[in-house]
Amino acid sequence: MQKGELLTFYKYQGTGNDFVIIDNRQNSFDKSDTERIAFLCDRKFGIGADGLILLENEETVDFRMVYFNSDGNESSMCGNGGRCIVAFAKKLGIIDNQAKFIAIDGLHHAEIHDDDVSLSMKDVAEVREKPAYFFLNTGSPHHVQLVNELDSFNVYEEGARLRYGLYGKKGSNINFVQQVRDGAFKIRTYERGVENETLSCGTGVTAAALAMHRAGKVDANEIGIETQGGHLSVAFTEENGTYTSVRLNGPAKFIFKGEIAW
């Protein structure tokens, strides 16, 4: 599309993790224009979002998901974004209550009932256990660290320090977790690419659930986690240290549709 035209977009959120979503089945969106993508995600000059998602055609499945962080760069998998694009696909009439789609980390299946979306996540065969934290990849890389008094913890300062100091330029998402009762946790996440705390991170919640299970903090195979933006749960099967049938469950809601000068 040409600069100056009006771009139609949809705004969705999953537990406060918000996204601009665009129907790009006609391949009219310029995915190489990182500055314009960052502009659309800018909360003062653009629409405002933690990331931008394109829904595109894919021959073998219902659709393809292409995800960009708010800095304009294409990124690794986004769990809440994956749940939101399923809700968007249903709104467009592409799917009914089940979806099969391709994202940057491979094939995903999902089920949607009203505003609740259950999304399959990648298997996790390796959880690196360090003295003070865990590291694992749930479609995106995640550092998971237990802390006390999470509500007053300086997530931005400590998250940025670890994101750059421990993981370098490529970075990692940084999750701080506190157990609130048996089988239940709360989490706050510093996201690379956003370079700030977000209200929720789906792959981070997934990583935290698996890490807490590996740490022996919980025996159940479904774990509830409270984000700053609401409740999510993660279900899984574990055998010999490998996590399969991993599913991220929670709400994904349409906020509004609009147009913006492109």
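General remarks:
- Qualifying residue in the range 71-84 (condition: of a type in the set (Gly, Ala, Ser), closer than 16 Å to Asp18 by Cα, more than 14 Å from the chain's Cα centre (by Cα) and modelled with pLDDT of 95 or more): yes
- Test: residue in the range 71-79 that is surrounded by fewer than 20 Cβ atoms within 10 Å (Cβ to Cβ), part of a strand (DSSP E or B), not β-branched (Val, Ile, Thr) and not assigned by TED's automatic domain parsing to the domain that holds Gly139: yes
- Residue match in the range 18-40 (condition: in a helix (DSSP H, G or I), of a type in the set (Val, Ile, Thr), modelled with pLDDT of 95 or more and crowded, with 22+ Cβ neighbours inside 10 Å): yes
- The residue that is surrounded by the most Cβ atoms within 10 Å (Cβ to Cβ), among those in the range 170-216 that are basic (Lys, Arg) and farther than 18 Å from Asn148 by Cβ, is Arg192.
- Residue, surrounded by the fewest Cβ atoms within 10 Å (Cβ to Cβ), within the range 80-111, restricted to residues that are farther than 24 Å from Glu226 by Cα and among the charged types (D, E, K, R): Asp96
- Taken over the range 41-70, the criterion of being charged (D, E, K, R), farther than 23 Å from Lys100 by Cα and either in the same structural domain as Lys169 (by TED's automatic domain parsing) or surrounded by fewer than 15 Cβ atoms within 10 Å (Cβ to Cβ) (or both) is satisfied by Asp42, Arg43, Lys44.
- Some residue of the range 88-96 being modelled with pLDDT of 95 or more, within 23 Å of Phe236 (Cβ to Cβ) and not polar (S, T, N, Q): no
- Condition met for Gly230 (of a type outside the set (D, E, K, R) and modelled with pLDDT of 95 or more): yes
- Test: Gly183 is in contact (Cβ under 8 Å) with a residue 40 or more places away in the chain, out of contact with any Asp or Glu (no Cβ under 6 Å at 6 or more places or on another chain), within 27 Å of Phe9 (Cβ to Cβ) and of a type outside the set (A, V, I, L, M, F, W, C): no
The values are calculated or read from the model by the stated rules, or taken from the named source; none is laboratory data. The model shown is predicted, which means the values in this text are computed figures rather than measured ones. A quick note on method: Cβ atoms are made from the backbone with ideal geometry, for glycine too, and the neighbour counts reach across all protein chains shown.
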